[in-house]
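Laboratory data are not the source of any read-out in this text; all were calculated from the coordinates shown. These figures come from a predicted structure and were not determined experimentally. Here the Cβ positions follow ideal geometry from the backbone for every residue, glycine too, while neighbour counts run over all protein chains shown.
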C-alpha cells in the first residue's frame, strides 16, 4: 500500500516537474539555486508522501512545499548575516551620539585647490580670486581696467581650467 502511494506521488511529481523547476527559478533568480530548491522540494514531497491527501490538488501542495522551503532558507540566510551586539549595555553602539570633528580631508582638498589656483596664469587667477572674494563682475572689470565681457570669460575659463586640473589630479589617485 505504501509503495503504491509513493509510486503514485512519484508519477505526479514527474508530471509537474517542469512547472516546479520554472517556479523555483522564478523564486531564486539563478539556475544553481533553483535546481537545489527543486531537489529539496522533491525530496520533501517523497519523504512526506503519507501526508498527501489523495483527491486534493497535488500541484498546489507541491508549490506550497517549495514556497515554504524557499522562505525558510531565506530566513536562515538573513539570520546568518545578522550581527548581534555582544557588548555590555550596547555602549559602543550608542557612543556615536557625539561626533568628533576632523577637518583634515577638507583642509587637504582646499590646499590642493589653492595650489591649482596659484598655477593659473595671472590673467585668469586675479579675476577668479576677486570673484571668489565676493567682488561683482563690474567691480572686477573696473579694478583691472578691462571690459566686462573679458572679465566674465576669464573667470569662466579659469573655472573650466580648474575643473580639468582637479579631474586630472583625481584620476591620478584612482
Problem set entry | Candidate set: segment 128-164, residues that are within 47 Å of the chain's Cα centre (by Cα) and not in a helix (DSSP H, G or I); chosen: the one farthest from residue 117 (Cα to Cα) | 136
Exercise. Free of Cβ contacts under 8 Å to residues at least 60 places away in the same chain, within 32 Å of the chain's Cα centre (by Cα) and surrounded by 17 or more Cβ atoms within 10 Å (Cβ to Cβ), is that true of residue 36?
Worked result: no
